[in-house]
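Here's the structure we're looking at; comments come further down.
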Amino acid sequence: MTDKMTQAQAMMQSLPHARSLGMIVTAMSAGQATITMPYDPRLIGDPATGVLHGGAISALMDTASGAAVMCHPSAPAATATLDLRIDYMRPATPGQAITARAVCHHVTRTVAFVRVTATDADESRPVAMGTGTFTLERPPA
Amino acid sequence: MTRKPPEPIEVVKSRREAALARLVAGVPYIGFLGAGFDRRGDELTAVLPFHPSLIGNPAIPALHGGATAAFLEVAAIIELAWSSLWQDMEEGRIDPAAETFPALPKTITFTVDYLRSGLPRDAYARAMVTRRGRRFATVQVEAWQDNRAKPFAQATAHFLMPEP
């Protein structure tokens with residue numbers, strides 16, 4: 001694991017809500033972040049099927065998006081979600097981990113734009129896709 | 001013609017409380033978040049008591065955007081399911097103790113706007129069903145903390161209604 005990844009993992013561990021959902025950073029590069037969340041029965045939305053609740057997937061996608069902003073080459077000092085729209089395309093398969101891949105594809109002086117996709121084991125058919133805008137706090141000059 | 005006397009208030013209340021409790025207990029994720037619902041007649045207020053595990057950024061400290069989004073989504077889906085259930089229950093078509101309970105609506109899209117950072121305090125949310133069709137429904141939801149006039153997040157969601 002590279003230093004940057006160790007650092008990212010440590011950061012994830014320092015976010016209480018991300019830690020309580022069991023999120024793990026699996027890849028990170030300029031403006032891109034991949035975070036995985038294991039299947040957990042406590043996160044079920046519909047006990048009849050065992051499908052995870054959309055809220056848990058939203059939390060994962062929000063975290064991956066924020067992480068993608070933080071590792072953008074513009075090196076932001078901090079970020080916060082302005083808005084996030086998520087389309088749920090199909091129920092996640094029970095028992096499988098969910099992976100969110102976020103790309104911060106554009107930044108202005110104050111705003112970052114992100115696209116994010118969530119998949120389960122079948123990566124060819126996304127579970128959910130999202131678009132978000134985030135605040136961007138530049139480091140002091 | 002003699003009118004049926006009104007049911008005793010305890011009977012009415014316990015039926016309504018049982019139905020709400022059963023609806024909420026049906027979603028394990030609500031328990032994970034630690035959220036609950038306050039009922040006044042048919043009006044629901046979702047309550048998210050503060051807990052350190054809901055923190056996103058410990059430096060500020062602020063509620064995690066994901067926890068906020070999840071809370072709004074839970075508030076929206078329960079309001080939608082509750083308002084469908086209400087009429088059926090009041091008109092005696094659904095027994096809160098019945099074996100089968102109606103399935104929950106499914107989220108199609110969920111759009112959340114963050115208006116200010118969530119403080120390390122309790123949060124409240126109220127949802128309103130803006131349109132209910134046979135197949136689709138639209139719900140708006142708003143969350144606030146200390147001051148009702150200063151929401152910290154709002155969301156719009158579209159749901160697929162369960163097959164009757």
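The values are calculated or read from the model by the stated rules, or taken from the named source; none is laboratory data. The structure presented is a predicted model; accordingly, all values stated were derived computationally and were not measured. Please note: Cβ atoms are built from the backbone with ideal geometry, for glycine as well, and neighbour counts cover all protein chains shown.
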Counted residues, the range B:14-29 - those being under 11 Å from the mean Cα position of the chain (by Cα) and more than 14 Å from chain A (Cβ to nearest Cβ): 1
Residues of the range B:21-64 satisfying the condition of being under 21 Å from A:PRO47 (Cβ atoms) and β-branched (Val, Ile, Thr): B:VAL24, B:VAL27, B:ILE30
Neighbours by Cβ (under 8 Å, 6+ apart or cross-chain): first from the range B:110-139, away from chain A (no Cβ under 14 Å); second part of a loop (DSSP other than H, G, I, E, B) and of a type in the set (A, V, I, L, M, F, W, C): B:ARG121/B:PHE50; B:ASP122/B:PHE50; B:ARG132/B:MET161; B:GLY133/B:MET161; B:ARG134/B:MET161; B:ARG135/B:MET161; B:ALA137/B:MET161
Inter-residue pairs, beta-carbon under 8 Å, first over 23 Å from B:ALA67 (Cβ atoms) and in the range B:30-46, second of a type in the set (Gly, Ala, Ser) and assigned to a helix (DSSP H, G or I), 6+ apart: B:ASP42/B:SER83
Residue check, B:ALA62 surrounded by 15 or more Cβ atoms within 10 Å (Cβ to Cβ) and not acidic (Asp, Glu): yes
Given (1) at pLDDT 95 or above; (2) over 22 Å from A:ILE44 (Cβ atoms), index of the condition A:PRO76 fails: (1)
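Do the conditions hold for A:THR49, that is, is it of a type in the set (Ser, Thr, Tyr), buried (at least 24 other Cβ atoms within 10 Å of the Cβ) and at pLDDT below 95?
Working: of a type in the set (Ser, Thr, Tyr): yes; buried (at least 24 other Cβ atoms within 10 Å of the Cβ): no; at pLDDT below 95: yes.
Here the answer is no, as A:THR49 does not meet what is asked.
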Any hit, the range B:91-102, residues being in contact with a Ser or Thr (Cβ under 8 Å, 6 or more places away or on another chain), more than 7 Å from chain A (Cβ to nearest Cβ) and in contact (Cβ under 8 Å) with a residue 12 or more places away in the chain: yes
Contacts under 8 angstrom Cβ, first residue in the range B:1-21 being at negative phi, partner among the basic types (Lys, Arg), 6 or more apart: B:ARG16/B:ARG39; B:GLU17/B:ARG39; B:LEU20/B:ARG39
Search result, residues across the range B:110-128 that are buried (at least 17 other Cβ atoms within 10 Å of the Cβ) and within 16 Å of the chain's Cα centre (by Cα): B:PHE110, B:VAL112, B:ALA123, B:TYR124, B:ALA125, B:ARG126, B:ALA127
Those residues of the range A:12-44 which are more than 8 Å from chain B (Cβ to nearest Cβ), touching a residue at least 24 places away in the same chain (Cβ under 8 Å) and outside any strand (DSSP E or B), in sequence order: A:MET12, A:MET23, A:ALA30, A:GLY31, A:PRO38, A:TYR39
